[in-house]
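One structure is given here, and the rest of the page talks about it.
Derivation of every value follows stated rules applied to the coordinates shown; laboratory data play no part. Keep in mind the model is a prediction, meaning the values are calculated, not measured. Here the Cβ positions follow ideal geometry from the backbone for every residue, glycine too, while neighbour counts run over all protein chains shown.
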Ligand code: OFO
């Protein structure tokens, strides 16, 4: 495998692993703050990021490269409310999108069209993840400090997580 592509793929392994850990920290914070729907959503999201990481690890090894399992930085223990959680999530996803775009660029420069094809799955995934984070943030801003609205918001996130679990178990087999 092209060494520059391999190194960029391993960087991406690290980013997906840190996404998983970051969202796990958010899930735990939400659970401890009585936001059970948000917690479920974040636990599911954390699992999805782990799946993104595994998909890369397997691809690197199958293509004759060597996947490196990275150390992960300590995620935050506290968050300053739900809006803060989703702002951080959106910022994180924007950073991941930039990293995927960089990976696409490297594949083209190195004429590695197989990896380029593989990475397109992540390009689509990032589109969806950024759109989801933006729409959740819009809702939160609309609700403001309204407690009833917040209750409904948390319940909606739980339903979104249940649907996502169902579609993931159908596609990740
Ligand atoms: Fe892996 O999609 Fe988010 O980070």
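Rounded to the nearest 0.05, the FRET efficiency derived from the C-beta distance between residue 77 and residue 167 at R0 = 25 Å is 0.20. Between the alpha-carbon centres of the stretch 50-83 and the stretch 98-118 there is a gap of 19 Å. Helical content of the chain, expressed as a calculated mean residue ellipticity at 222 nm, amounts to -29500 deg cm²/dmol (DSSP H runs of 4 or more residues, -39,500 (n - 2.57) each, divided by residue number, nearest 500). Comparing 148, 64, 34 in a Gaussian network model of the chain, where Cα atoms under 10 Å apart are tied by springs, the biggest mean-square fluctuation is seen for 148. Between residue 155 and residue 94, the contour length at 0.36 nm per residue exceeds the alpha carbon distance by 19.3 nm.
Taking the Cα atoms only, what angle lies between the long axis of helix 113-143 and the longest principal axis of the chain, rounded to 10 degrees? The answer is roughly 10 degrees. Computed from the C-beta positions of residue 146 and residue 66 and an R0 of 41 Å, the FRET efficiency is 0.20 to the nearest 0.05.
Normalise the Debye intensity by I(0) for the stretch 3-171, one equal point scatterer per Cα, no solvent, then take log10 at q = 0.13 Å⁻¹ and round to two decimals. Log10 of I(q)/I(0), two decimals: -0.66. Summary of the geometry: the stretch 124-173 and the stretch 1-29, compared by the centres of their Cα atoms, lie 22 Å apart.
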